[in-house]
1. Which one of these is over 24 Å from A:Ala373 (Cβ atoms) and of a type in the set (Gly, Ala, Ser): A:Gly190, A:Gly236, A:Gly225?
2. Given A:Ala357, A:Ala374, which one is in contact with a strand residue (DSSP E or B) (Cβ under 9 Å, 6 or more places away or on another chain) and touching a residue at least 40 places away in the same chain (Cβ under 8 Å)?
3. Report yes if A:Leu404 is more than 7 Å from chain B (Cβ to nearest Cβ), assigned to a helix (DSSP H, G or I) and hydrophobic (A, V, I, L, M, F, W, C), otherwise no.
4. Which residue is nearest to A:Ala343 (Cα to Cα), if the candidates are limited to segment A:124-171 and must be among the β-branched types (Val, Ile, Thr) and not in a loop (DSSP other than H, G, I, E, B)?
5. Just give me the residues in segment B:63-93 being part of a loop (DSSP other than H, G, I, E, B), touching a residue at least 12 places away in the same chain (Cβ under 8 Å) and of a type in the set (Gly, Ala, Ser), in sequence order.
6. Identify all residues within segment A:209-225 that are within 18 Å of A:Val269 (Cα to Cα), within 23 Å of the chain's Cα centre (by Cα) and not charged (D, E, K, R); write none if there are none.
7. Here's a check for you: in segment A:25-66, which residue that is of a type in the set (S, T, N, Q) and not in a strand (DSSP E or B) is modelled with the lowest pLDDT?
8. So which residues in segment A:226-260 are on the phi > 0 side of the Ramachandran plot and under 29 Å from the mean Cα position of the chain (by Cα)?
Amino acid sequence: MIGRRGFALGLAAAGLAAPPLARAQALRTVAVIGGGFAGATAAKYLRRFNPALEVTLFEPSAAFLMCPLSNRVIEGGLHMRDLARDYAPYAGRHGLRWVQARVDAVDPGRREVRFGTERQVFDRLVLAPGVEFDYGNIGGMGSATAQARVPHAWKAGPQTIVLRNQLRQMPAGGVVALHIPRAPFRCPPGPYERASLVAHLLQQHNPRAKLLVFDANAEIQSKKGLFSTLWRERHGARVEYVPDAELEHVDAAALMMRFKMHGVQRADVINLIPPQRAGLLATQAGLANVGGRWCGVGFLDYESTIAPGVHMLGDAIQGSPGMPKSGHMANQQAKVCAAAIAALSLGLEPVASPIIANTCYSFVSHAEAVHVAAVFRYDPASRQMVPAPGAGGLSEAPSRVEALYAMAWASNILEDSVG
Amino acid sequence: MARSITSPPDRPRLIRKAVGLAARAALVMAPAALAQAPAGTDREAELWAASCMACHGTDGRADGVALTIADRSEAELAAALLAFKAGERRATVMHQHTRGYSDEELRRIARWFANRRPVVRRP
């Protein structure tokens with residue numbers, strides 16, 4: 001009943017006739033696969049934009065664990081439970097059908113979701129599979145043993161604690177090596193925030209220890225001036241930054257790293273952030289059509305450029321130039337996507353002028369943070385989201401007030417996405 | 001049903017970690033379904049406003065550091081946004097964001113938040 005009234009309302013509003021009605025009737029069920037910032041926000045906002053939609057969220061975990069602030073768990077200022085949010089109350093609040101199962105495969109052509117022995121077909125699919133780690137080009141890292149000994153800690157979870165404990169148990173005056181993969185990767189400023197917080201931790205608890213930052217990129221990928229100034233002024237020789245450090249091989253047992261240009265380095269703790277690509281579900285479904293690594297989408301509705309009726313969100317997509325892979329961007333993309341699907345379900349055209357803002361905080365010590373901000377506007381000519389000229393910017397310097405805003409940001413985006 | 005933000009069963013502990021967070025609203029309304037684009041809804045502004053909610057909370061109801069923007073008049077919100085844009089009001093971030101929008105877009109976002117009434121959510 002509600003559904004029919006919804007159609008009537010939308011049609012009355014748009015003054016549309018038969019063809020859009022047929023289109024609207026064809027869009028009632030949506031599957032959202034993956035309950036991270038992208039998927040959870042999409043599922044919630046789909047129901048907010050059109051409560052007549054039947055939205056199924058596929059997410060195997062009982063609780064969301066957010067990556068932002070997980071560097072502060074490593075630093076020791078926060079606990080894992082601070083990052084967690086249960087799905088059950090959120091799903092109930094928004095009338096979502098939550099299937100707590102891992103999706104084994106999707107068939108984009110049939111818009112079919114396969115999990116366990118079940119197969120279900122939906123009018124639309126929204127895939128938010130996140131990233132998959134790709135150790136392929138790094139010798140010695142293929143085994144589970146090596147990957148456990150040399151943590152990435154790049155998805156909040158058990159490895160976050162592994163890395164925290166390794167750092168705490170490191171011998172006095174030891175060496176920490178942090179490897180940063182070639183961009184694009186999840187959370188461009190994240191590795192540099194981690195370096196800053198590890199350096200802070202060493203300063204407090206192991207002052208003669210050293211941090212080597214081996215970056216496969218030619219330079220710091222985000223907030224460069226802020227991070228490099230901080231390391232120089234506050235940490236001096238404690239932090240050594242090595243650009244163009246392409247990692248070839250790791251001996252996980254001996255904690256030895258071999259680089260293409262920089263020889264061999266031994267460390268007491270190695271934190272290896274691996275190269276990344278779109279989550280396995282997307283690549284297996286043939287949806288990673290940009291260089292075989294990322295999923296191409298349109299920026300008015302985040303529909304796959306190769307699979308009609310299949311929408312892709314978050315870190316798995318090929319973003320517009322300058323658009324970071326981040327929780328904040330995922331939340332923003334999800335709302336545009338949800339509004340577009342809801343509009344179509346009501347027989348309306350999606351809004352053709354999305355504007356999304358990005359705010360990204362990084363902690364540089366337990367009590368200080370910095371930010372980078374940007375505004376992206378849809379450009380009809382290039383069909384990309386383009387940074388608004390004159391907008392956005394950086395903090396002038398680390399500050400305590402921005403640490404408070406960073407905590408408030410985390411709390412609010414968690415609530416906005418999974419609350 | 002209103003939910004208290006002081007003793008929520010499923011609320012993250014994060015906000016309690018941020019020492020010195022400014023006063024917050026005593027009650028937060030449960031999230032409500034948006035209207036189904038009835039005639040007159042500014043769907044563009046609705047979408048632009050959704051972006052703000054990542055920091056300012058769903059429907060503008062936020063935790064901490066005076067980020068709540070719900071329940072304020074259109075005039076107050078518009079004046080604040082335009083003052084941020086003109087550099088007349090100090091900010092850490094908002095002066096950088098507002099420069100990405102036209103004055104008219106900022107006014108429409110202000111109007112959307114001001115007209116957003118708390119609605120008891122469907123069960």
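The values are calculated or read from the model by the stated rules, or taken from the named source; none is laboratory data. Note that the structure is predicted; figures quoted are calculated from it, not measured. Using ideal geometry, Cβ is built from the backbone for each residue, glycine included, and neighbour counts are taken over all protein chains shown.
1. Only one candidate passes the filter, namely A:Gly236.
2. A:Ala374
3. Judged against the criteria, A:Leu404 is not a match.
4. Selected residue: A:Val126.
5. B:Gly64, B:Ala66, B:Ala70, B:Ser73, listed by residue number.
6. A:Val213, A:Phe214
7. Within segment A:25-66, the match that is modelled with the lowest pLDDT is A:Gln25.
8. A:Asp244, A:Leu255
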